[in-house]
Amino acid sequence: MKYRARPVEVEAVRFTGDIDKLSGFTHGALYPVHEEDRGDNPEVIAEIVDVKYMTWKGVCVGDWIVKVPGGFRVFTDKEFRDGFELITNG
């Protein structure tokens, strides 16, 4: 037998670089990454705990932050567009 995963509705926002603007959505769980702490990826300007991996995940401008049970996941724009579609009714 074959099965298809049920569609799951999620809340998501695209990160524009304004951490304060997302404080309500992330319940204060999004933190700035200072320039000297960015390591190999200078585009990472914030971080949030990714519940799938239970580790800090860097967030770049254009990434999507998705609410999931127990916390948040971070997706690049391509990952998000490949895996999610906008609900236009309901």
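The values are calculated or read from the model by the stated rules, or taken from the named source; none is laboratory data. Keep in mind it's a predicted model, so treat the numbers as computed, not measured. Cβ atoms come from the backbone with ideal geometry, glycine included; neighbour counts cover every protein chain shown.
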#### Entry: Complete set of residues in the range 1-18 that are in a loop (DSSP other than H, G, I, E, B), surrounded by 11 or more Cβ atoms within 10 Å (Cβ to Cβ) and touching a helix residue (DSSP H, G or I) at 6+ places or on another chain (Cβ under 8 Å)
PHE15
#### Entry: LYS21 vs. criteria surrounded by 10 or more Cβ atoms within 10 Å (Cβ to Cβ), basic (Lys, Arg) and assigned to a helix (DSSP H, G or I)
yes
### Query
With the range 33-86 as the region, which strands (runs of 3 or more DSSP E) entirely inside it contain at least 1 residues that are without any contact (Cβ under 8 Å) to a residue 60 or more places away in the chain and among the polar types (S, T, N, Q)?
55-60
### Task
Sort out which residues of the range 26-59 are hydroxyl-bearing (Ser, Thr, Tyr) and at pLDDT below 90, and write them in order of number.
TYR53, THR55
### Task
Specify the residue that is farthest from PHE25 (Cα to Cα); the eligible residues are those in the range 39-87 that are of a type in the set (Gly, Ala, Ser) and surrounded by 11 or more Cβ atoms within 10 Å (Cβ to Cβ).
GLY83
